[in-house]
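Worksheet: one structure, shown below.
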Amino acid sequence: MKADIKYAGIDLHQSTCFIEIQDGRGDALSQSVVKTESETLRSFFRGIGGTIHVAFEVGTQSAWLYEILKPIVTSITVCDVRKHKRRGSKSDRIDAHKLATWLRMGELEQVYQGDRNTRKLRDLAHGYMATVSDSIRVMNRIKAVYRSWAISCGGRDVYYKRNREEWLSKFPMRESGTRAALYYAQLDLLKEQRKETKKAFLKEARRYPVQKILRGIPGFGPVRSAFAIAVIGTPHRFRTERQLWSYSGLSVVIHTSSDHEIIEGRIVRKQRQNTRGLTRDYNRILKMVFKGAAKEAIRKDPMKTLYRMKVAKGIRPEMAVLSIARRLAAITLVLWKRGEKFDVAKLISN
């Protein structure tokens, strides 16, 4: 039966894919260059036969390839290979060989691809985030033009349409005013696009019954709850709250070395302050959701009281906010799994 099990490593590119097939012993059965087309890839894997396990790196086209191959092969591992140290030369053939080898040896970690039912919501979430980022980028460029002429432009007044003529008249040179006017026109277009994208994003999020549950959590509004649904997909991905903390960038990582010493002939663990920090491998959108919700929630009770209690104990304000964010993440996971609404009495009792 082992001879019937095959491991495929795919180095995916825009126009072509390099595919290596290995057997259970690690011998290369074939190496092929295939067009990055749905029908070509389907016919290629249908012609292999046996039990096929496939691995390729997460990227722009990984979700597309995942949907194509999912009904055909036995299992698909979409992975992030940044944790694996690359040594020696690099090419499509070498990358495909390494992916097949790591897959056969069980050294690849699966990257969650989400459910097809939430694909539209995820796309709208990324589209809305891109529009917001573009708007901020243009706003920074507008202020940069004013600062280049030592024109004070603090606050948001410089962006409003009603004051633009007054602001543009402050430039000593017409050319710089023309440049700022072009940025203003770009900002107006992005604002309209941002409104339309947000409207479609929130409309799609309302299709999910869990949004009503999430909106009841302190600090969660329609936008944050929509982002949470789009990114998490299903709460059953996370067995415990600590797994969600790690995925959201809220878990603490400790770095130590030389942990023990010998005192009077006995091995004793050293008593010292460990180097601590938050995990660096996390989902940026989800961290933004929980940290933003925490900052919003501490403005009023019950989270305001909880925040003040933590600060009174000597916890630094930023660490108190992190603690609130972790609490909100845990609440989100529990309520989503149980289908229950947020209850302030249970929060206080805990």
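The values are calculated or read from the model by the stated rules, or taken from the named source; none is laboratory data. This is a predicted model, so every value here is computed, not measured. Ideal geometry is used to build each Cβ from the backbone, glycine not excepted, and the neighbour counts take in all protein chains shown. Surface areas here come from the heavy atoms of the whole protein model, side chains and all, with no ligands, DNA or RNA. Shrake-Rupley method; radii C 1.70, N 1.55, O 1.52, S 1.80 Å.
Report, in listed order, any pair from LYS310/LYS346; LYS161/LYS195; LYS195/LYS295 with a Cα-Cα distance greater than 21 Å.
From LYS310/LYS346; LYS161/LYS195; LYS195/LYS295, over 21 Å: LYS195/LYS295.
Pick out which of ALA185, ALA330, ALA28 has the largest mean-square fluctuation in a Gaussian network model of the chain, springs linking Cα atoms closer than 10 Å.
Greatest mean-square fluctuation among the candidates belongs to ALA185.
Pick out, in residue order, every one of the trypsin sites (Lys or Arg not before Pro) in segment 83-132 that is DSSP loop and has at most 12 other C-beta atoms within 10 Å; say none if there are none.
Details: sites: LYS83, LYS85, ARG86, ARG87, LYS90, ARG93, LYS98, ARG104, ARG116, ARG119, LYS120, ARG122; in loops: LYS85, ARG86, ARG87, LYS90.
Sites meeting the loop and neighbour criteria: LYS85, ARG86, ARG87, LYS90.
What part of the accessible area of the chain, given as a whole %, is carbon or sulfur when the probe is 1.4 angstrom? Kindly include the intermediate steps, with their values, before the conclusion.
Working: 10440 of 21120 Å².
Ligands and nucleic acids excluded, carbon and sulfur give 49 percent.
Please state the shape class of segment 7-49: rounded when a/c is under 1.5, otherwise prolate if a/b exceeds b/c and oblate if not, all from the C-alpha gyration tensor.
Here segment 7-49 falls in the oblate category.
With Rg and Dmax of the Cα atoms in Å in mind, check (1) 29.5, 113; (2) 26.1, 81; (3) 21.4, 66 and report the label derived from this structure.
Computed from these coordinates, Rg and Dmax of the Cα atoms in Å corresponds to label (2).
Under 18 Å from a label point 7 Å along Cα→Cβ of ALA150: give me every residue in segment 159-173 with its amide N that close.
The answer is 170-173.
Between ALA181 and ASP281, what FRET efficiency comes out of the Förster formula 1/(1 + (r/R0)^6) with R0 = 45 Å and r the beta carbon distance, rounded to 0.05?
Working: r = 43 Å, r/R0 = 0.95.
Using R0 = 45 Å, I get an efficiency of 0.60.
Relative to the Cα centre, what is the charge dipole magnitude of segment 240-346, using +1 at the beta carbon of each Lys and Arg, -1 at the beta carbon of each Asp and Glu, and rounding to the nearest 20 debye?
Using Cβ point charges on Lys, Arg, Asp and Glu, segment 240-346 gives about 340 debye.
If you line up the long axis of helix 92-105 against the longest principal axis of the chain, both from Cα atoms, how many degrees apart are they, to the nearest 10?
So the helix axis and the longest Cα principal axis differ by about 80 degrees.
What does the charge count near ALA100 come to, summing +1 for each Lys or Arg and -1 for each Asp or Glu among other residues with Cβ under 14 Å from its Cβ? Walk me through the numbers before you get to the answer.
Working: positive: LYS6, ARG25, ARG93, LYS98, ARG104; negative: ASP11, GLU20, ASP23, ASP27, GLU57, ASP92, ASP95, GLU107.
Local net charge: -3.
With +1 assigned to the C-beta of every Lys and Arg and -1 to the C-beta of every Asp and Glu, and no other charges, what is the dipole magnitude of the chain about the Cα centre in debye, to the nearest 20?
Dipole magnitude for the chain comes out near 1600 debye.
What is the distance in Å between the Cα centres of segment 302-336 and segment 1-79?
45
With an 8 Å cut-off on Cα pairs and a minimum separation of 6 or more residues, tell me the relative contact order of the chain in percent.
Here the relative contact order equals 12 percent.
Using the 2.2 N^0.38 Å rule of thumb for compact globular proteins, work out how segment 197-336 stacks up: its C-alpha Rg over that value, please.
1.30
Between SER30 and ASN140, what is the label-point separation in nm under the 7 Å Cα-to-beta-carbon projection?
Label at ASN140, label at SER30, 4.8 nm between them.
How much accessible area per residue does segment 19-134 have, in Å², with a 1.4 Å probe?
55
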